[in-house]
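The next block holds one structure in the form of structure tokens; read it before the comments.
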Amino acid sequence: MGKIPATATIIACNESENISHCIESVGFFDEILVIDSGSTDNTVAVAEKAGARVIHNPWSGFSRQKQFGFDEAAHDWVFSIDADERVTPRLKQSLLELFAGPSQSPQYNGYLINRCNHFMGQALRHGEGYPDWLLRLSNRTEARWSEDPVHEKIQLSGEKGQLVGDLDHYTEDRISSYLHKQNKYTTLQACNLFEQGKRASGLKLFASPLVRFIKFYFLRLGFLDGVPGFVHISIGCFNSFCKYAKLRELQNDNAN
């Protein structure tokens, strides 16, 4: 079976260790487009050697970078994948089957894909790590990326379908680097909430991480993922606390 008439887009910056594996996993797409925001390592050279088309675009935020990829893609059907993600063989089969019909035109305007998060060397199958359904494949004529500064998502017109097979997500290999990334994310989230007029009460600071832990560790069986599951959920709860603590700080700064 040949390549599918779609573009796989990857936003990247200093991803030389990940980019070749990511590109290899989407090698069955007719076009692989890497949006590089100014890598100082050999990300661009590695991506081009792996067969990708690379375009430089100065960093403008996650959503705008991905929208730029939408706009520059050679095909209307676009699959968005991050450099630390990989298409599994079962998901590849589903994508090939989706475009295998005579018209090569999928039934829906977009498709949800289940992401499997890997943390501390283990695939998380419960808690907040799985299932993790994300809209990643869409017809760009019916879709647009949201303007969220973090946890951006595709806004789609029309119905969505689901594909069988996981998208493997390999988070940072060290907890220290993972926490560094989460610190940046919670700052962006707090700023976004403040700009929307949201405010954090003392009750919110206390209740949000507690409710999150009960939901993901007990109700969604996160305890079955052992120590990695416990650490992953605990960090998620701490992130929730930090987000609202930073929002509270912004409130106090603005009041003075």
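The values are calculated or read from the model by the stated rules, or taken from the named source; none is laboratory data. All values reported here derive from a predicted model rather than from experimental measurement. In this analysis, Cβ positions are derived from the backbone assuming ideal geometry, glycine residues included, and neighbour counts consider all displayed protein chains.
Brief remarks on what is shown
- In segment 94-136, the residues that are in contact (Cβ under 8 Å) with a residue 60 or more places away in the chain and in a loop (DSSP other than H, G, I, E, B): F99, A100, Q104, M120, G121, L124, R125, H126, G127, E128, G129
- Some residue of segment 131-146 being within 21 Å of S240 (Cα to Cα), assigned by TED's automatic domain parsing to the domain that holds V54 and touching a helix residue (DSSP H, G or I) at 6+ places or on another chain (Cβ under 6 Å): no
- The sole residue among P102, P58, P106 that is modelled with pLDDT under 95 and within 29 Å of E147 (Cβ to Cβ) is P106.
- Condition broken by I154, with the remaining ones in (1) touching a residue at least 40 places away in the same chain (Cβ under 8 Å); (2) closer than 20 Å to F70 by Cβ; (3) surrounded by fewer than 16 Cβ atoms within 10 Å (Cβ to Cβ) satisfied: (3)
- The set of residues in segment 59-87 being surrounded by fewer than 16 Cβ atoms within 10 Å (Cβ to Cβ) and touching a Cys at 6+ places or on another chain (Cβ under 8 Å) consists of W59 alone.
- Residue in segment 162-180 that is at positive phi and either at pLDDT 95 or above or touching a Leu at 6+ places or on another chain (Cβ under 9 Å) (or both) present: yes
- The set of residues in segment 211-256 being modelled with pLDDT of 95 or more and of a type in the set (D, E) consists of D225, E249.
Rundown of residues vs (1) more than 21 Å from the chain's Cα centre (by Cα); (2) hydrophobic (A, V, I, L, M, F, W, C); (3) in a loop (DSSP other than H, G, I, E, B), yes/no style:
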| position | (1), (2), (3) |
| --- | --- |
| L179 | no, yes, no |
| S208 | yes, no, no |
| Y217 | yes, no, no |
| L224 | yes, yes, no |
| Y244 | yes, no, no |
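- Listed by first and then second residue, the pairs linking a residue in segment 29-41 that is in the same structural domain as R64 (by TED's automatic domain parsing) to a residue that is outside any strand (DSSP E or B) and charged (D, E, K, R), with Cβ atoms under 6 Å apart and 6 or more places separating them unless they lie on different chains, are D30/K3.
- Those residues of segment 21-37 which are surrounded by fewer than 18 Cβ atoms within 10 Å (Cβ to Cβ) and under 20 Å from the mean Cα position of the chain (by Cα), in sequence order: H21, E24, G27, S37
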